[in-house]
Every structure is written in C-alpha cells, then in structure tokens.
Amino acid sequence: MRKFFLLLLLIFVLSCKTAQKGEEISPPSPKLFLKHIPIEKEGLWRENLKIIDIDGDGNLDIIAPPSRSGDVPVFFLGDGKGNFKEWQDLIFPNLSYSYGGIDALDFNKDGLMDILLANHGGRIFLLLQRSKGKFESLSDGFPDSVKFVSRAAKFIDWEGDGTYEVVALSENPYLFDKKTLSMERQKVFKLKDGIWEEVFINYSKENPSYCFGDSLTLLDFNSDGRMDFATACNSFGQKRVLFENHEEGFSPKDLEALPNSSYFFYVATSDFNKDGKDDLVFCAYTFDRSEEAKENPEKAMVASLILALKGENSWEVKEIAKHYSGKDSLQFRGVAAGDLNGDGWDDVVSILDNGEPYILINKRGVDFEKVNPIGFIKRQKASWVGIEDLDKDGKRDLVIAYGFEEEIAKIDVYLNEIFELYER
C-alpha cells in the first residue's frame, strides 16, 4: 500500500513540474449523462415528429404522424417530468392519412393547438382542434397526389402579419404517375376564403429548383425581417436550397459554398456563432473525386455534418463531423440544434446509420467537439432528432425517432441528467 501512495505522489510531483514549465495538459473529454425513457409504442416513425404542448396543460408533449403501419396521428402526453403516455381518445376526421411530416401551432388563434400533416403518397391536411382532442379538416385547395406529394410541411408567416401560410417540399422528383418530372418541387399555400391557394415562387426554365426531400427549416437568411426557408436536397449535385421571401412570393437561390457532388438529406437552423444571423447545418453525403479518394476507395464517399454560417454577403461552410463511407455507405440521419450544456451556444445532434450518436458541443461558434453520451442505447437508422427541456430542469433533453427497421422502430427519450464539462 505504501508503494502505491509513493507512486501517486511521484505522478503528482511530475505533473506539477510539467505545469510549471508552461506545458498544456490535455483536459479530459466532456461527458453527457443521459437517462433513457423509452416510449412504449412501436412503429415506423418518420419523417418528423414535433415537440409541443398539444393539450395546453403546460407540459411539453411529443406528437407524431401515423407510423408507417398506423392509420391516424399519435400524441404522447408529457407529465413535465420526462414521462409520456399515449392520448387515447383523440377524434380525427375520416381522411386518408399516412406517415410523413407534422407541424403544430394555434392556427386560428382560439387557444387550441392545430396540426399540419404532409402524408406520403397523399394530400396535405390542416386539422383544427375544435375542442380538446377533437379535430376537423380545413384542407380544401391543397393539391391532390397526382399533382404534388410531400412528407415535409411547416407553417410559415410569409407576410409577417401574424397569420400563417404552409410551405411544403416534394418527396420525389416526379409527379405521382412516376413518369412526369416535376419542375416545381416546393410549394407555399395561403388560405383565402376557406380555400388554400398557391403563393408565387419565381421558377423559370433558367431558374428551376430540382431539390426534393423530406426535411425543411425556416430562417431569415438575409436579415430583412421576413421569414425565408431552406430545404434538404436529394437531387445529386444541386445546391438550390434557399428560398428568399419577398412581397410577391419566394425566389430560389443557390448556396454556392456547399460541397460539390453531394446530397443534403437533412437540414436544421440556428445562430451558431451568435452574430445575429441565422445559420444552417446539413447532413451531407459527398462523392470525393480527388486523386487520394481514387487510391483509397474507402474515402470515395463521405458522410458529413456541414455547418453553413451566414456572413454579410456570403456563406462560410465548415465541416464539423465526417465518416468515410466508401465501404459501409453509412449516412447521418436526423439533425437538430440546441444548447445541451447550458453555455448559451447551440450544439448539434445527429445519428450515424450504425446507431452512433454524434453530439457536437459548440465551442463559441468556431469549433465543435464530439462528446461521449453515457446511457445512450445504440440502435440503427434514425429518422428524426429533437432537442427540448422535457422535464423542466433547465437542461435540454433529446428525443430520437427510428423508422427504418421494424425490430428497432421506437421513440427514445433521453433526459439530460449531468453534463460534465471542463473549463477552457
């Protein structure tokens, strides 16, 4: 025992001498301690969920479109402590629902939350909550599935007047006949006299947007006080992911700084460097054409998380995580931004296809550091990631949805118990 204490003393003395010489001692990696709370309802959950107080009790809930094998939307009511149970007595109109996208807010300002559904292979539905848990449709005018299909839709205040329009992204490049290419793959709709009408988007033969996908986000990327939007892009090599809001409608624009020869499957927004401008983060999948990649096939394909920081007149792109996918074809799926460690800077979370969580802590908008989450259960392909404070303890928590493998198709809640972080 005496030898053991002498050894510890020797290590301490050597450490002190190193510090006195001015040599930096590498600090330990920060750790995130998570408490896993599974939601006990299996299903193929995609394309997105929504965290919101749907029943007005002051606690955040998790709402989902129908699972791939389900028939109606599903709401999980939170108790403010991180526990959730399914709302059983919901009443929905008799419509053709499918899995896809969901959004929610109080559309008609009656104090009850309403929901927006983008149904795979079907139409978009706006459902008004007329009384607690009872919904009716306000969906006349949305295009039928022959003309436009979407699994990603959100409410947007296009005119800045406090009323809401709907923005949606096409789920594929074709019309539903699977033969006719669609050149209008983004749509914005405004309610007029009870009918949804299309808002002008400045497409032309010289200015089309070929992007389609299952993810979109709202932001004011030109800082003019009007809400713009950005989309994922499942069209290879395309960068026309920005849609600028103006009085007549919207205009598509390229984000030129994005990497070439890429897909951009998911997108989220935040002001990552706290300069007052909205930024973006993408899940990218890039084909590397370099000589190095030709010599090493493993590096021929790269899955990455790409930060796009908005400057005064241009975008700066920064890779904050990557995985060489030449052999395993793994991708990042789902991406969310939020402050996990309480330092005031928004962090980034995404899931690699092998189930590995990428929790990237923001070091003041310049660098991001991957942390080791203790208590995380590795599954496989995620479909969506959310970040909110679910148990009212002042720390942001995680929600991960899975929607690709039947045996792991779950929704996992992770409460942020302790974030152990060294001082810089």
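Summary of values
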item: About the Cα centre, charge dipole magnitude for the chain (Lys/Arg +1, Asp/Glu -1 at Cβ), debye; result: 1420
item: Cut-off 15 Å, label 7 Å out along Cα→Cβ of Asn372, residues of segment 31-69 by amide N; result: 31-34
item: Solvent-accessible area, 1.4 Å probe, carbon plus sulfur percent, for the chain; result: 49
item: Whole-Å distance, taken between Cα centres, linking segment 285-308 and segment 316-363; result: 17
item: Theoretical gain in end-to-end length, Asp57 to Lys363 [0.36 nm per residue, Cα-Cα removed]; result: 106.6 nm
item: Mean-position separation - Cα centroids, segment 188-207 and segment 138-158, in angstrom; result: 11
item: For the chain, built as a Gaussian network whose Cα springs stay under 10 Å, the top-fluctuating residue of Ser131, Ser215, Ser98; result: Ser131
item: Fraction of antiparallel bridges per DSSP, the chain only, in percent to nearest 5; result: 95
item: Tensor-based shape of segment 107-257 (alpha-carbon gyration tensor, a/c under 1.5 rounded, otherwise prolate or oblate); result: oblate
item: Difference of contour (0.36 nm per residue) and Cα-Cα distance, Leu95 to Asp393; result: 103.4 nm
item: Per residue accessible area in Å² of the chain, where ligands, DNA and RNA are left out and the probe is 1.4 Å; result: 46
item: FRET efficiency, 1/(1 + (r/R0)^6) with R0 35 Å, evaluated for Lys134 and Asp343 via beta carbons; result: 0.25
item: Globularity index of segment 43-140, i.e. its alpha-carbon radius of gyration over 2.2 N^0.38 Å; result: 1.00
item: Selection of trypsin sites (Lys or Arg not before Pro), segment 64-96, meeting DSSP coil and at most 15 other Cβ within 10 Å; result: Lys81
item: Label-point separation in nm, Glu40 to Asp254, each point 7 Å along Cα→Cβ; result: 5.5
item: Between 0 and 90°, nearest 10: helix 2-20 axis offset from the chain longest Cα axis; result: 70
item: Loop GluC sites (Glu not before Pro), segment 226-265, which have at most 15 other Cβ atoms in a 10 Å radius of their Cβ (DSSP); result: Glu247, Glu248, Glu256
item: All-pairs alpha carbon distance profile, segment 203-249, 10 Å steps from 0, percent; result: 26, 49, 24, 0
item: Shape call, segment 277-399: gyration tensor on alpha carbons, a/c limit 1.5; result: oblate
item: Cα gyration tensor shape of segment 160-245, rounded if a/c is under 1.5, else prolate or oblate by comparing a/b with b/c; result: oblate
item: Sparse-neighbourhood loop sites, chymotrypsin sites (Phe, Trp or Tyr not before Pro) in segment 40-112 - DSSP loop, at most 10 other Cβ within 10 angstrom; result: none
item: GNM flexibility winner over the chain from Gly225, Gly338, Gly355 (Cα, springs under 10 Å); result: Gly225
item: Across Lys31/Lys310; Lys154/Lys322; Lys253/Lys318; Lys147/Lys410; Lys50/Lys187, pairs whose alpha-carbon gap is larger than 24 Å; result: Lys31/Lys310; Lys154/Lys322; Lys147/Lys410
item: Additional length obtainable on full extension of the chain from Asn296 to Phe200, 0.36 nm per residue less Cα span; result: 29.9 nm
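The values are calculated or read from the model by the stated rules, or taken from the named source; none is laboratory data. Everything numeric in this text was worked out from a predicted model, so none of it was measured. For neighbour counting, all protein chains shown are included, and Cβ atoms are generated from backbone atoms with ideal geometry for every residue, glycine included. When the accessible area is computed, the model is the full protein with side chains, heavy atoms only, and any ligands, DNA or RNA have been set aside. Shrake-Rupley method; radii C 1.70, N 1.55, O 1.52, S 1.80 Å.
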